[in-house]
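*Asks:* My structure is below; once you've seen it, I'll send some questions.
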Amino acid sequence: MSRITMQDVSVMSVQYVQHTFDYYLDSMAKAGLTKVDLWGGVPHYCRLDHTGTAQAVLLRRKIQDRGMQVVIYTPETLSYPFSYSHPDPAVRGRTIDYMRQAMEDALALGTDRVFLNTGCHPRDLDREEGWKRTADSFHTLAGLAEGLGVRLVLEQLQPYESNLVLSLADLKRMLAEVGSPALTCCVDVVAMEVAGDTLEDFCRELGDKLQWIHYSDSHHLVLGEGDYGREKLEGWVRTLERYGYQNCLDLEINDSIYWEDPHGSLQRSADYLRAFLPER
C-alpha cells in the first residue's frame, strides 16, 4: 500500500487571484509546502500575454529557486473566450491552439501534466451535439499531447458549471470516445459528492487513468470548515493509498470568501492535514 505524506500535497494557485504570484510562493513556504499547481491566469501567468515560452522558463526558475516545483499546469479555460463544444469552428480552433500552447508552457515549467475540463455547452442547444464536438476537440488535443509527451488530466464538473462531463460514467464515456493514452482523469471530490459517485468506484474503474485528485471540503472550502468531516476527508486519503495512488493530493480551496486572505485558507488546510498525514 502506498503512503501519502505532506510532501505529496500540492496547491492550486487560483485562490490567490487577487494577489501576486510572489505572495503565493511566500504563502506556500510559510505552510511548508513545495508542490505548485500553477493556475494559468492574470495576474500570475497567462500565455495570451506572451508569444512563446520564455516567461514560463523564468517563472520555473523563480519557483525552483524557492525549492519548489510545478507538478501540473492548469490554464484557465472554464469560461470566455474558450469553448471545446461551441458550434463556431473558429472558437473551437482558438481553444485548441491555446491548449497547444499550454502544453508547451507546461514542459517549459517542468511538468508533463496539463489540466483541462469540458466547460459548458450552451444549455439551449443540443447536448449530444456539444458532446461530439468536445470529444472531437479532445481527440485533436490528445494527438498533440502524444506527440509532445504530455498527459492531459480531465476532471468532472458540477451541474452549475457544465452540462457535459459531470460523473464517473461521463468520464469513462469520454475516455472511451477519445481513445488516447494521453488523456487521463482527475477526480474532483466536490463534484464526486454532488454526482453521488464514490472514490472507491473511481479508483476501481479507472485504474491508472486516475492521475489526479482535487481535494477540499464541501463547496471547495477549507478542510474542516465544510460538511464532510474528518472521517470522510481522511477516508478518501486511505482509499487512495489502498489503491496505490502515487500522485499529488491537490488542494483546490476555491471560493471567493478566501480571496482577501488566501494564506489563511491554505494554512488552516495544511494544519488540518498534518493531523493525519506524516511529513514524509
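*Asks:* Residue-wise, which Karplus ³J(HN,Hα) couplings in Hz belong to the range 189-198, taking 6.51 cos²θ - 1.76 cosθ + 1.60, θ = phi - 60°, and x for glycine or proline?
*Replies:* Calculated HN-Hα couplings, in order: 5, 5, 4, 4, 5, 4, 7, x, 7, 10 Hz.
*Asks:* Loop-only check: which trypsin sites (Lys or Arg not before Pro) in the range 40-104 are DSSP coil with at most 15 other Cβ within 10 angstrom? Provide the component values of the computation, followed by the final result.
*Replies:* Numbers: sites: Arg47, Arg60, Arg61, Lys62, Arg66, Arg92, Arg94, Arg100; in loops: Arg66.
Answer by residue number: Arg66.
*Asks:* Now for a separate question. Of Ile96, Ile63, Ile257, which has the largest mean-square fluctuation in a 10 Å C-alpha GNM of the chain?
*Replies:* The residue with the greatest mean-square fluctuation here is Ile257.
*Asks:* Show me the helices of the chain, taken as full DSSP H stretches, that run 24 Å or more along their long axis by Cα and average -1.0 or above in Kyte-Doolittle hydropathy.
*Replies:* On the way: long enough: 89-109 (29 Å, -0.20); 127-148 (31 Å, -0.67).
TM-like helix candidates: 89-109, 127-148.
*Asks:* Go ahead and estimate [θ] at 222 nm for the chain from helices alone: -39,500 (n - 2.57) per DSSP H run with n ≥ 4, summed, over the residue count, rounded to 500. Show your work: numbers first, answer last.
*Replies:* Numbers: 9 runs with 118 residues, N = 280.
Per the formula, -13500 deg cm²/dmol.
*Asks:* In addition: So for the chain, if I pair up every lysine 8 or more residues apart or on another chain, how many of those pairs have alpha-carbons under 29 Å apart?
*Replies:* 11
*Asks:* Also: Hey, can you grab everything whose amide H is under 5 Å from the amide H of Leu251? Only 5+ residues off in sequence or another chain; H modelled, so Pro and N-termini drop out.
*Replies:* It is Ser10, Val11, Met12, Tyr215, by chain and number.
*Asks:* Right, something else. Over the range 72-149, what is the mean sequence separation of C-alpha contacts under 8 Å (at least six apart), divided by residue count, expressed as relative contact order in percent?
*Replies:* With pairs under 8 Å counted, the relative contact order is 41 percent.
*Asks:* Further question: Which percent, nearest 5, of DSSP beta bridges in the chain are antiparallel? Intermediate values should be presented prior to the final figure.
*Replies:* Working: 1 of 29 bridges.
Bridges in the chain that DSSP calls antiparallel: roughly 5 percent.
*Asks:* May I ask you to give the solvent-accessible area per residue for the chain, in square angstrom, as obtained with a 1.4 angstrom probe? List each step's numbers first, then the result.
*Replies:* On the way: 11480 Å² over 280 residues.
Per-residue accessible area for the chain comes out at 41 Å².
*Asks:* Which value, in Å to one decimal place, does the Kirkwood hydrodynamic radius take for the chain when every pair of different Cα atoms is included?
*Replies:* Working: mean 1/r = 0.0528 Å⁻¹.
Radius from the Kirkwood sum: 19.0 Å.
*Asks:* Take every DSSP beta bridge whose two residues both sit in the range 119-269, then give the antiparallel share in percent to the nearest 5. Walk me through the intermediate numbers first.
*Replies:* Working: 1 of 12 bridges.
DSSP beta bridges in the range 119-269 are roughly 10 percent antiparallel.
*Asks:* Give the accessible area for Glu193 in Å² (nearest 10); use a 1.4 Å probe, count only protein heavy atoms, and leave out ligands, DNA and RNA.
*Replies:* 60 Å²
The values are calculated or read from the model by the stated rules, or taken from the named source; none is laboratory data. Every value quoted in this text rests on a predicted model; they were computed, and no experiment measured them. Glycine also receives a Cβ, built like all others from the backbone with ideal geometry; neighbour counts cover every protein chain displayed. Heads up: the accessible areas ignore ligands, DNA and RNA and are worked out on the full protein's heavy atoms, side chains in. Shrake-Rupley method; radii C 1.70, N 1.55, O 1.52, S 1.80 Å.
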